[in-house]
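Novice: Supplied in structure tokens, the structure appears directly below.
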Amino acid sequence: MKLDEARQRNPQIAALYSIIEDKKIKLTALPTNPKLDSIYFREIEFSSQDFSAIIPLDDEYEDVEKGNQALMLQLIIYAVEEYEDREDFLVWSTAFGLNSNDPFILNMYRDLGKTIPKIRDIIGTDINDISDYDWELNAGAAQALRELDQ
């Protein structure tokens with residue numbers, strides 16, 4: 001499916017690209033990190049006009065490899081929501097099956113604590129993103145986004 005068709009058929013895809021275009025966001029997949037590979041995490045460099053950060057996020061389905069900007073933004077939105085929805089480090093690390101005794105994981109969580117509010121300020125809170133249901137089942141907008149011809 002071509003981008004124009006995907007945007008027209010899927011308001012979620014259109015919303016993701018609008019955020020990227022309006023906020024002048026650039027997302028770059030960083031080389032794999034052996035420490036993150038074992039937990040299915042990947043790092044993405046998030047850059048906007050006034051802010052840049054490296055975000056570690058869950059990439060169980062290896063979506064980052066596709067290089068699709070909207071797909072990576074959706075992964076970042078999920079990372080932001082997962083962080084915001086967990087009350088503390090232990091709950092967050094347990095949700096991802098991470099070793100809460102690993103100092104690397106604790107530092108990753110602390111770094112997210114500094115970065116997430118800034119990203120939220122940039123992307124906003126009223127986002128018509130892809131549902132968890134569609135994401136997990138690779139249905140609807142999630143499937144269209146993953147199969148997008150760029």
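Novice: Please work out which residue is nearest to GLU43 (Cα to Cα), limiting yourself to the range 110-150 and to residues that are in contact with a Gly (Cβ under 9 Å, 6 or more places away or on another chain) and exposed (fewer than 13 other Cβ atoms within 10 Å of the Cβ). Spell out how you get there, then give the answer.
Specialist: Here is the first cut: in the range 110-150, the residues in contact with a Gly (Cβ under 9 Å, 6 or more places away or on another chain) are 130-131, 133-134, 150.
Imposing the further condition that a residue be exposed (fewer than 13 other Cβ atoms within 10 Å of the Cβ) reduces the set to 133, 150.
Details: TYR133: 24, GLN150: 22 Å.
Going through the qualifying residues, I end up with GLN150.
Novice: Out of everything in the range 28-68 that is modelled with pLDDT under 95 and among the hydroxyl-bearing types (Ser, Thr, Tyr), what residue ends up being nearest to ASN138 (Cα to Cα)?
Specialist: TYR61
Novice: With respect to ASN107, determine if the residue is over 16 Å from TYR17 (Cβ atoms), among the polar types (S, T, N, Q), modelled with pLDDT of 95 or more and exposed (fewer than 15 other Cβ atoms within 10 Å of the Cβ).
Specialist: On the way: over 16 Å from TYR17 (Cβ atoms): yes; among the polar types (S, T, N, Q): yes; modelled with pLDDT of 95 or more: yes; exposed (fewer than 15 other Cβ atoms within 10 Å of the Cβ): yes.
So ASN107 fits the description; yes.
Novice: Restrict the check to the range 23-39 and report whether at least one residue is within 20 Å of PRO103 (Cβ to Cβ), more than 13 Å from the chain's Cα centre (by Cα) and hydroxyl-bearing (Ser, Thr, Tyr). Step through it out loud before you land on a result.
Specialist: Our first condition is that a residue be within 20 Å of PRO103 (Cβ to Cβ); within the range 23-39, this holds for 33-39.
So of that shortlist, the ones also more than 13 Å from the chain's Cα centre (by Cα) come out as 33-39.
Okay, now just the ones that are also hydroxyl-bearing (Ser, Thr, Tyr), so 38.
Yes: one or more hits.
Novice: Checking ASN99 against (1) touching a helix residue (DSSP H, G or I) at 6+ places or on another chain (Cβ under 8 Å); (2) assigned to a helix (DSSP H, G or I); (3) surrounded by fewer than 20 Cβ atoms within 10 Å (Cβ to Cβ), which single condition isn't satisfied?
Specialist: In the conditions (1) touching a helix residue (DSSP H, G or I) at 6+ places or on another chain (Cβ under 8 Å); (2) assigned to a helix (DSSP H, G or I); (3) surrounded by fewer than 20 Cβ atoms within 10 Å (Cβ to Cβ), ASN99 misses (2) alone.
Results for (1) touching a residue at least 60 places away in the same chain (Cβ under 8 Å); (2) within 8 Å of the chain's Cα centre (by Cα); (3) closer than 15 Å to ALA29 by Cβ, shown as yes or no for each residue.
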| site | (1), (2), (3) |
| --- | --- |
| GLU65 | no, no, yes |
| GLN69 | no, no, yes |
| TYR78 | no, yes, no |
| TYR83 | no, no, no |
| ARG86 | no, no, no |
| VAL91 | no, no, no |
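Novice: Take the residues in the range 119-139 that are at pLDDT 90 or above and in a helix (DSSP H, G or I); name whichever of them is nearest to ALA15 (Cα to Cα).
Specialist: Checked the range 119-139; the qualifying residue nearest to ALA15 (Cα to Cα) is ILE123.
The values are calculated or read from the model by the stated rules, or taken from the named source; none is laboratory data. For clarity, every value in this text was computed on a predicted model and none was experimentally measured. Neighbour counts run over all protein chains shown; Cβ positions are idealised from the backbone, glycine included.
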